[in-house]
Amino acid sequence: MMPVEGTIAIKEEVKPLRITKRRLYVGQTLYNRNCAICHGLDGSGDSLPVRRGLTKSDPLYEKELPNLYDVITNGVGKMPAFKRKLTPNERQMVVAYVEALRLSRRFPMEKLDERDKEKVK
Ligand code: HEC
């Protein structure tokens, strides 16, 4: 990615992380701690800061977000950067969790087996 004019690109080594169930849970915890305050636990964008006037972002599950990692790293608009707050691995786990939020929204009920249907009731 090209650095924004007037800023210095910080070279960061990002090794692609294999996403396991445990890492997805870590991603969830990190999301709940760092992102939910503005984006809501479900990614809908409904939150107290938004109700108090912060720009509302689109729901995080509506579309694919190919630049999600960069958005988390560098921030966008009123959203703060997480470059210093989260390590590259942690950011990748958050990306995986947001991805899971999106995919779970689109999973049709009728594809679940009976036991799982009970669980989501
Ligand atoms: C202080 C509030 C705040 C926090 C914390 C925050 N965001 Fe945001 N986020 C925003 C705002 C406001 C926007 C809309 C920015 C704009 O368009 O001006 C945004 C935009 C985004 C977008 C772009 C959405 C799109 O439609 O392209 C993504 C993705 C995103 N945030 C993910 C995250 C993730 C993941 C975290 C946690 C690591 C996070 N945000 C933490 C406020 C926040």
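The values are calculated or read from the model by the stated rules, or taken from the named source; none is laboratory data. Worth saying up front: this structure is predicted, and the values here are computed from it rather than measured. Backbone-built Cβ (ideal geometry, glycine too); neighbour counts: all protein chains shown.
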*List pairs: first in the stretch 73-86 and free of Cβ contacts under 8 Å to residues at least 12 places away in the same chain, second among the polar types (S, T, N, Q) and crowded, with 16+ Cβ neighbours inside 10 Å, Cβ under 9 Å, 6+ apart or cross-chain?*
76/57; 81/73; 81/74
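Can you give me the number of residues within the stretch 19-28 that are surrounded by fewer than 14 Cβ atoms within 10 Å (Cβ to Cβ) and either within 13 Å of the ligand (Cβ to nearest atom) or closer than 9 Å to residue 93 by Cα (or both)?
Let us first name the residues in the stretch 19-28 that are surrounded by fewer than 14 Cβ atoms within 10 Å (Cβ to Cβ), namely 20-22, 25.
In the following step, the residues that additionally are either within 13 Å of the ligand (Cβ to nearest atom) or closer than 9 Å to residue 93 by Cα (or both) were identified as 25.
Adding up the residues that qualify gives 1.
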_Single unsatisfied condition, residue 46 versus (1) farther than 14 Å from residue 95 by Cα; (2) within 11 Å of the ligand (Cβ to nearest atom); (3) surrounded by 13 or more Cβ atoms within 10 Å (Cβ to Cβ); (4) modelled with pLDDT under 95_ = (2)
_Residues (surrounded by 13 or more Cβ atoms within 10 Å (Cβ to Cβ) and more than 6 Å from the ligand (Cβ to nearest atom)) located in the stretch 63-75_ = 69, 70, 73, 74, 75
_Being in a helix (DSSP H, G or I), in contact (Cβ under 8 Å) with a residue 24 or more places away in the chain and of a type outside the set (Val, Ile, Thr) is the filter here; which residues of the stretch 17-56 pass it?_
23, 24, 27, 28, 30, 31, 34, 38
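Report, by residue number, each residue of the stretch 105-119 that is away from the ligand (no atom under 16 Å from the Cβ) and assigned to a helix (DSSP H, G or I).
Filtering the stretch 105-119 down to residues away from the ligand (no atom under 16 Å from the Cβ) leaves 106-119.
Within the stretch 105-119, 109, 110, 111, 114, 115, 116, 117, 118, 119 meet the criteria.
Return the residue satisfying two criteria in turn: it lies in the stretch 81-98 and is more than 6 Å from the ligand (Cβ to nearest atom) and assigned to a loop (DSSP other than H, G, I, E, B), and of such residues it is surrounded by the most Cβ atoms within 10 Å (Cβ to Cβ). Even if it seems obvious, please write down each step before you answer.
The initial filter retains those residues of the stretch 81-98 that are more than 6 Å from the ligand (Cβ to nearest atom), namely 81, 83-93, 95-97.
Subsequent filtering for residues that are assigned to a loop (DSSP other than H, G, I, E, B) retains 81, 83-87.
Details: 81: 14, 83: 15, 84: 9, 85: 13, 86: 18, 87: 13.
Checked the stretch 81-98; the qualifying residue surrounded by the most Cβ atoms within 10 Å (Cβ to Cβ) is 86.
Consider residue 59 carefully, then state whether it is assigned to a loop (DSSP other than H, G, I, E, B), free of Cβ contacts under 8 Å to residues at least 24 places away in the same chain, surrounded by fewer than 12 Cβ atoms within 10 Å (Cβ to Cβ) and within 15 Å of the chain's Cα centre (by Cα).
Numbers: assigned to a loop (DSSP other than H, G, I, E, B): yes; free of Cβ contacts under 8 Å to residues at least 24 places away in the same chain: yes; surrounded by fewer than 12 Cβ atoms within 10 Å (Cβ to Cβ): no; within 15 Å of the chain's Cα centre (by Cα): yes.
Against the criterion (assigned to a loop (DSSP other than H, G, I, E, B), free of Cβ contacts under 8 Å to residues at least 24 places away in the same chain, surrounded by fewer than 12 Cβ atoms within 10 Å (Cβ to Cβ) and within 15 Å of the chain's Cα centre (by Cα)), residue 59 does not qualify.
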